[in-house]
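Worksheet: one structure, shown below.
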Number of protein chains: 2
Amino acid sequence: MGRGPRWCHARFRNFGYKMTQPREIILDVLSRTKKHLSAEDIYIEVYKIYPGIGLTTIYRTLDILTNMEMVSRYDFGDGRSRYELISDKKSEHHHHLICLNCGKIIDYNDYIDEETKLFDKLEKVLSEKHNFKINYHHVGFYGLCDKCKSTTSS
Amino acid sequence: MGRGPRWCHARFRNFGYKMTQPREIILDVLSRTKKHLSAEDIYIEVYKIYPGIGLTTIYRTLDILTNMEMVSRYDFGDGRSRYELISDKKSEHHHHLICLNCGKIIDYNDYIDEETKLFDKLEKVLSEKHNFKINYHHVGFYGLCDKCKSTTSS
DNA sequence: CTCCTAAATGATAATGGTTTTCATTTTCAA
DNA sequence: TTGAAAATGAAAACCATTATCATTTAGGAG
């Protein structure tokens, strides 16, 4: 997705939105990380550059970006949503390992071709069978990471 | 999982929990539905049979059942968790289609064998590669259901 | 069966992420 | 440059979930 500010500006326009400084900075923060940031994480980063920012604007911008399909929203079950810029590169498609103890998230794309093949087939079959328009899918493996496996008593 | 009250009672004991009437009723409600109930949904159902019930008990029991791996908790992104009794029958293993507009959830198990095969392999590879103990995985397809597809303007 | 203690319960209050409200500021096309 | 629509941010509201705590209950010991 990272085609620079020019491209983003046009895209915002196309969706009937205006490009503003807060939005630019939020996009910038998202593009500079590989982590899965929460709204507050993003707020803290944006605040360093633009202290006038309000948490509300973060939420509103993330909603817009999600609707524009520039950002994925994930619910990993820790009570807050996490956001990730969608890459335009197919090679960066990935899914997640989520640690139930510490919340650590690992991206993986092993066997992604096999997965893609199966999921393409599934999407086709399911969308026809249930007359369902599928926009995207989420896959997550939940468990205990390296550290928590040895630390946790459970 | 539905091996009757006798079996559940023993299982509770084994985990150091006591079997109580609220817990029995909650299990009963869960076993009588194929839907993906929220805590409040469950509260409403239990209330019909046992009006003394408190919402706190629903949450606590669901936590216990989740830890005992008798129940799956899902976050489909609508701001509330949903719960589903885990079946002991392999044939009832399934994943979900979630409507982003109305929240309708459809279970599917097409190509579940192929999926299982791929996921078993993935779990093996990923758990070794990242030294990660995988407990379970979630797969969800998000989009618009039959009705919402024709209704929604977006 | 009766007691006793730890566990469970439920009413209430608190928490915390997210959304709404609304007066003010900003964008951008004319 | 200007004006109308869109965006912003501070504050309050919302609402699912969790913590607190006094009371009740389950179920093993005797």
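The residues of segment B:70-84 that are free of Cβ contacts under 8 Å to residues at least 40 places away in the same chain and out of contact with any Asp or Glu (no Cβ under 7 Å at 6 or more places or on another chain), listed by number, are B:ARG73, B:ASP78, B:GLY79. Could you tell me whether any residue of segment B:131-151 is touching a residue at least 40 places away in the same chain (Cβ under 8 Å), assigned to a helix (DSSP H, G or I) and not hydroxyl-bearing (Ser, Thr, Tyr)? Within segment B:131-151, one or more residues are touching a residue at least 40 places away in the same chain (Cβ under 8 Å), assigned to a helix (DSSP H, G or I) and not hydroxyl-bearing (Ser, Thr, Tyr). Within segment B:30-54, the set of residues being closer than 14 Å to B:ARG82 by Cα, more than 13 Å from the chain's Cα centre (by Cα) and crowded, with 18+ Cβ neighbours inside 10 Å comprises B:TYR43 only.
Residues of segment B:88-125 that are farther than 17 Å from B:CYS148 by Cα and touching a helix residue (DSSP H, G or I) at 6+ places or on another chain (Cβ under 8 Å): B:HIS93, B:HIS94, B:HIS95, B:TYR108, B:ASN109, B:ASP110, B:TYR111, B:GLU114, B:GLU115, B:LEU118, B:LEU122.
Only one of the listed residues (A:ASN135, A:ASN101) is loosely packed, with under 13 Cβ neighbours inside 10 Å and closer than 30 Å to A:ILE26 by Cα. That residue is A:ASN135. Within this structure, A:ASP41 fails the test of being among the charged types (D, E, K, R) and under 23 Å from A:PHE15 (Cβ atoms). Applying the criterion of at least 1 residues that are within 14 Å of DNA strand D (Cβ to nearest atom) to the strands (runs of 3 or more DSSP E) found wholly in segment B:24-103 leaves B:71-75, B:81-85. Residue under question is A:ILE25, and the condition is that it be within 12 Å of DNA strand C (Cβ to nearest atom) and among the aliphatic types (A, V, I, L, M); does it hold? Yes; evaluated as a whole, the condition is true for this residue.
Across segment A:113-132, what is the number of residues that are more than 10 Å from chain B (Cβ to nearest Cβ) and surrounded by 14 or more Cβ atoms within 10 Å (Cβ to Cβ)?
0
Filtered by the rule that a residue be over 21 Å from B:HIS94 (Cα atoms) and of a type in the set (A, V, I, L, M, F, W, C), segment B:6-42 gives B:TRP7, B:CYS8, B:ALA10, B:PHE12, B:PHE15, B:MET19, B:ILE25, B:ILE26, B:ALA39, B:ILE42. Hey, does segment B:88-99 have a residue that's within 10 Å of chain A (Cβ to nearest Cβ), basic (Lys, Arg) and at negative phi? Checking segment B:88-99: not a single residue is within 10 Å of chain A (Cβ to nearest Cβ), basic (Lys, Arg) and at negative phi. Return yes when B:SER87 is among the polar types (S, T, N, Q), farther than 22 Å from A:ASP75 by Cβ, out of contact with any Lys or Arg (no Cβ under 7 Å at 6 or more places or on another chain) and touching a residue at least 12 places away in the same chain (Cβ under 8 Å) and no when it is not. So B:SER87 fits the description; yes. Evaluation of B:PHE12 against the conditions (1) within 14 Å of another protein chain (Cβ to nearest Cβ); (2) crowded, with 17+ Cβ neighbours inside 10 Å; (3) within 12 Å of DNA strand D (Cβ to nearest atom); (4) more than 18 Å from the chain's Cα centre (by Cα) shows that the sole unmet condition is (1). Filtered by the rule that a residue be assigned to a helix (DSSP H, G or I), touching a strand residue (DSSP E or B) at 6+ places or on another chain (Cβ under 9 Å) and over 16 Å from B:ASN135 (Cα atoms), segment B:104-122 gives B:ILE112, B:GLU115.
Does segment A:48-55 contain at least one residue that is of a type outside the set (A, V, I, L, M, F, W, C) and within 14 Å of another protein chain (Cβ to nearest Cβ)? No: segment A:48-55 contains no residue that is of a type outside the set (A, V, I, L, M, F, W, C) and within 14 Å of another protein chain (Cβ to nearest Cβ).
Taken together, the values in this text are just the output of simple stated rules run on the coordinates, not laboratory data. Bear in mind that the values here come from a model prediction, so they are computed numbers and not experimental data. Reconstructed Cβ throughout: ideal geometry from the backbone, glycine too, with neighbour counts over all protein chains shown.
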